[in-house]
Amino acid sequence: MPAPHLVAQHTSVRSVMLKVLAALIPGILVHAWFFGPGIWVSLLVCTLFAYAFEALALAMRNLPLRPFLTDGSVLVTAWLLALSLPTLAPWWLYAVGLLFAVLVAKHLYGGLGQNLFNPAMVGYAALIVSFPAYMTQWPAPVDLAGHTPDLLESIDLVFAGQGAVSPDAYTAATPLDTLRTQVRAGEDVATVMQQPVFGHLGARGQEMVALMYLLGGLLLLAHRVITWHIPLAFLGAVVLTATGLNLLDASRHAGPLFHLVTGGTLLGAFFILTDPVSASATPRGKLIYAGLAGFLTVIIRAFGGYPDGVAFAVLLMNMAVPFIDAHTQPKVFGQAVKAKDES
Amino acid sequence: MTQRRLYAFNGGVHLEGHKAVSAVLPIADMPLLPRYVVPLRQHIGEPARAVVELGQRVLRGELIGRPEGYVSVGVHAPTSGRVVAVEPRPVAHPSGLNDLCVVIEADGQDRAVDPTPLDWHRMDPSALRNRLREMGLAGLGGAVFPSFIKLNPGAKRRIPILILNGAECEPWITCDDMLMRERASEILLGAHVMRHMLGAERVLVGIEDNKPQALACMAEAAAGSDVEVVAVPTVYPAGGGKQLTYTLTGRITPSKGLTTDVGVQVFNVGTAYSLYRAVYLGEPLISRVVTVTGHVGTPRNLEVRLGSPILDLLQAAGGELPGATGEVIGGPMMGFDLHDTSAPVTKAVNCILVKNADLFPPKPAPMPCIRCGECARACPVELQPYELYWYARHRDFGKTQSYHLFDCIECGCCSYVCPSHIPLVDFYRFAKSEVWAREREKQAADLARERHEFRTFRLEREKREKAERLAKKAAERLESGAVAADDPQAERKKALLAAAIEKAKQAKAGVQPKNVDDLPADKQREIEAIEARRQQRASMTASADP
């Protein structure tokens, strides 16, 4: 056996993935608190479909099931997609999303470690261009909703479709959607944001979930699962771009705080952009990759036609990663100094 | 102990030391063995050439292998006795191949050649280096590079700083630790000679701070002198030459250079000690301290004659315990598996580590790389190991070189931290050997092509010259009237000669060197130069003709 004869036994792909999943749990709990138990159903449905597609792909590719089904990577994809999609959507929406995430984005590109694009974001993008109507029906915060489905009702909604309850009773437009539609209708940002759905920081309920993602992200930083470069550059660029637009025209563009706590900003900063496989891996590359993604996120939100900009910003920047990495290789030890023999 | 500003190199890993296990007992002398197997290749470079014959009697310290070529040092008899074989034997080498060894049957008297201590202060530096070369001095830290070369500061180069490497950053190994505890003054005497030879102004001793006793002993021995004994943080690979240089001085060795490029020379403490023995006691390098540790009865350090079979060392350390799963030569991070315990100790063997399943569990099965970058954060050379792995795996060796493959010191940090448990260093070794093999092939092909081109050119030239000579001769004959006027054949002969001249002219005009169209500029110049010389010589012989 060649050297080294020692390997760190405590670390593995699985342990990395489990840490990411653990860091998502505070956000999920707070989500359930503010939006009802529907999240448990969508997480479960996504998990089941993710494993089904993963097993199918592994079987078709003649790969061993055990190491790859237990590495946790497909669970991360499933959960990230579940958290990016409206809860209480019909089951087939999750299935289609995971089909694209697991079969297309992951296994058609060669499986674990080979995917150019973030699988969860590919699933999200496929759904939003295919089924835009379903993608805007987010459950309203518990205290604003006329009715919050309980667990059994949620299961019924997901599997049996719309039953006795009309979606209008429990869904509401997200703050990002509300702001865009009403500003385009000629309203002033400040007036729109008076509405209760905007909460304290920009999004009732969602803002607390976002803060929990921040907490989870800090845990990942503390455990050295991720480095500071991507979250800092991404959030910094979001704040700068949003501030710039806000200064240009405060009546049409919301301020940076709103952009930080709405949509997928914080989930993206700590959990999606940081997916090591599809992200830039050099320190300078990470700053460029995440910085441009932050810029694109706000621009897409401000001028684009989609409810959120994170997914497309991530996918666009994923495409640029090979180029960025090739041009941001750090200098190796002693490279800056020239050997005397060479001069 | 001296406080210094220290510099932290990138990454590295924190490993469980396991040092105390073998540092309990003092260094013990191995008892005299009945038989020694002394390999002629114990150092980097050319192996020594055997200068003894079968049946010859030798004394302890007698030269049995003469250095051959520049990068080479001598090999000596470890005890007095009789040469019973000069043949390939199993040696401690990763390849597991046999190598030429001199086998000596000890006579039990252990008589030595008369020691000749060296008057190093008054000796000519070059003569001193030659003596050290003959006495077999090579680095005992693991690389076994001939010391006399490293002790030559060169004509212009100044080496203001001498670093003694007592970091001993690999887990388990304690031979330097124990040597520093027990023989600190002797190490410093050796360092003093090194300093003199290099013209160094300062001497720094770098020791990892997990060796407080060694630090204390060295500091005590250095008290009153300007030698600085410095504790460096315990982080593997703190003992790498370039890493220790940076830690202690902040000087960054150029990527393809040596520490001497930044005015620093680094020697292992064991080498300094062997230099002391060579210079002050006149004793060539015939023994070293070896750690025998791990899954053995009595882990300890032994003073071992070079050529002692490893089997005997294991026995002297209480033998392998039940459940042993093999032996590593060197440390767990950079050492290699021993193929045959009958292989002898050489200058390169600092540790024999006996494995068992608990201490060295099997490596988990590798998973695909997820580009997490742990390897890059751990790399002391600041490489991007995952990129190197990607290109090495896909046999894109050009790219591996532009990602600085040859800066890799194979310390193993990346393999150690990899969550996917990919044997990264194996891929770099593979890529390096492929690049070397291709370079050799390319050199051979270039040489063959050059030879072929020149041969074609020469053949054409000879053909042309022959045609010219024939034409000249024919013309002469025609003019001198070699053909008699009354010869009935005259007209026919004249016609034949004229035809020969014409033919030669045609040949001269028609002959062009072939296969020389796309010659590189330097080749073209070379041919032109040759042509010019030929012209010159032709004109000289012409003018010399009466």
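The values are calculated or read from the model by the stated rules, or taken from the named source; none is laboratory data. Bear in mind that the values here come from a model prediction, so they are computed numbers and not experimental data. Don't worry about glycine lacking a Cβ; one is built from the backbone with ideal geometry, like all the others, and counts go over all protein chains shown.
Values for this structure:
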| read-out | value |
| --- | --- |
| First in the stretch A:87-113 and not assigned by TED's automatic domain parsing to the domain that holds A:GLN206 and surrounded by 22 or more Cβ atoms within 10 Å (Cβ to Cβ), second anywhere and assigned to a loop (DSSP other than H, G, I, E, B) and aromatic (Phe, Trp, Tyr), Cβ under 6 Å, 6 or more apart | A:ALA105/A:PHE117 |
| Residue pairs meeting the criteria (Cβ under 9 Å; at least 6 apart or on separate chains; first more than 16 Å from B:TYR403 (Cα to Cα), in the stretch B:424-447; second at pLDDT 90 or above and part of a helix (DSSP H, G or I)) | B:ASP426/B:SER415; B:ARG438/B:PHE397 |
| Options A:VAL158, A:VAL122, A:VAL183: the member that is under 15 Å from A:SER84 (Cβ atoms), part of a helix (DSSP H, G or I), β-branched (Val, Ile, Thr) and touching a residue at least 60 places away in the same chain (Cβ under 8 Å) | A:VAL122 |
| Meets criteria (part of a loop (DSSP other than H, G, I, E, B) and either within 14 Å of chain A (Cβ to nearest Cβ) or at pLDDT 95 or above (or both)) for B:ARG181 | no |
| Residue selected from the stretch B:184-223 under the condition of a type in the set (Lys, Arg) and closer than 22 Å to B:TYR7 by Cα, by the criterion surrounded by the most Cβ atoms within 10 Å (Cβ to Cβ) | B:LYS211 |
| Set B:TRP172, B:TRP120: member being in contact with a His (Cβ under 6 Å, 6 or more places away or on another chain) and either more than 17 Å from B:LEU275 (Cβ to Cβ) or surrounded by fewer than 22 Cβ atoms within 10 Å (Cβ to Cβ) (or both) | B:TRP172 |
| Subset of the stretch B:279-313 (residues that are surrounded by 24 or more Cβ atoms within 10 Å (Cβ to Cβ) and closer than 28 Å to B:GLU201 by Cβ) | B:VAL279, B:LEU285 |
| Which numbered condition B:TYR276 misses (of (1) under 16 Å from B:ALA167 (Cβ atoms); (2) among the aromatic types (Phe, Trp, Tyr); (3) more than 13 Å from chain A (Cβ to nearest Cβ)) | (1) |
| Residue match in the stretch B:18-39 (condition: without any contact (Cβ under 8 Å) to a residue 60 or more places away in the chain, of a type in the set (A, V, I, L, M), within 21 Å of B:VAL292 (Cα to Cα) and outside any loop (DSSP other than H, G, I, E, B)) | yes |
| Residue match in the stretch A:296-312 (condition: assigned to a helix (DSSP H, G or I), within 14 Å of chain B (Cβ to nearest Cβ), touching a helix residue (DSSP H, G or I) at 6+ places or on another chain (Cβ under 9 Å) and in contact (Cβ under 8 Å) with a residue 60 or more places away in the chain) | no |
| Residue within the stretch A:85-98 that is within 14 Å of chain B (Cβ to nearest Cβ) and either within 25 Å of A:THR178 (Cα to Cα) or not in a loop (DSSP other than H, G, I, E, B) (or both) present | no |
| Any chance B:VAL328 is under 23 Å from the mean Cα position of the chain (by Cα), assigned to a loop (DSSP other than H, G, I, E, B) and at the interface with chain A (Cβ under 7 Å from one of its Cβ atoms) | no |
| Tabulated pairs, the stretch A:1-29, first facing another protein chain (nearest Cβ under 10 Å), second surrounded by fewer than 21 Cβ atoms within 10 Å (Cβ to Cβ) and among the hydroxyl-bearing types (Ser, Thr, Tyr), C-beta under 7 angstrom, 6+ apart or interchain | A:ARG14/A:THR70 |
| Index of the failed condition, A:ASN318 passing every other in (1) modelled with pLDDT of 95 or more; (2) farther than 21 Å from A:ALA120 by Cβ; (3) within 14 Å of another protein chain (Cβ to nearest Cβ) | (2) |
| Wholly enclosed helices (runs of 4 or more DSSP H) of the stretch B:370-462 bearing at least 2 residues surrounded by 23 or more Cβ atoms within 10 Å (Cβ to Cβ) | B:374-378, B:385-393, B:413-417 |
| Cross-chain or 6+ apart pairs with Cβ under 6 Å, the stretch B:235-259 first and within 11 Å of another protein chain (Cβ to nearest Cβ), then surrounded by fewer than 24 Cβ atoms within 10 Å (Cβ to Cβ) and acidic (Asp, Glu) | B:PRO254/B:ASP261; B:SER255/B:ASP407 |
| Test: B:ILE159 is part of a loop (DSSP other than H, G, I, E, B), touching a residue at least 40 places away in the same chain (Cβ under 8 Å), under 26 Å from B:THR234 (Cα atoms) and within 14 Å of chain A (Cβ to nearest Cβ) | no |
| Whichever residue in the stretch A:220-251 is more than 23 Å from the chain's Cα centre (by Cα) and among the small types (Gly, Ala, Ser) and, among such residues, is nearest to the other protein chains (Cβ to nearest Cβ) | A:GLY244 |
| Residue identified as part of a loop (DSSP other than H, G, I, E, B) and either buried (at least 22 other Cβ atoms within 10 Å of the Cβ) or not hydroxyl-bearing (Ser, Thr, Tyr) (or both) among A:ALA290, A:ALA279 | A:ALA279 |
| Residue in the stretch A:54-63 that is within 11 Å of another protein chain (Cβ to nearest Cβ) and either aliphatic (A, V, I, L, M) or assigned to a helix (DSSP H, G or I) (or both) present | yes |
| Subset of the stretch A:252-285 (residues that are within 14 Å of chain B (Cβ to nearest Cβ) and in contact with a Leu (Cβ under 9 Å, 6 or more places away or on another chain)) | A:THR274, A:ASP275, A:VAL277, A:SER278, A:ALA279, A:SER280 |
| Selection count where residues are in contact with a strand residue (DSSP E or B) (Cβ under 6 Å, 6 or more places away or on another chain), away from chain A (no Cβ under 11 Å) and surrounded by 18 or more Cβ atoms within 10 Å (Cβ to Cβ), scope the stretch B:350-369 | 3 |
| Top-ranked residue in the stretch B:260-273 [being within 14 Å of chain A (Cβ to nearest Cβ) and among the hydrophobic types (A, V, I, L, M, F, W, C); ranked as nearest to B:THR346 (Cα to Cα)] | B:VAL264 |
| Residue within the stretch A:38-48 that is surrounded by fewer than 18 Cβ atoms within 10 Å (Cβ to Cβ) and over 23 Å from the mean Cα position of the chain (by Cα) present | no |
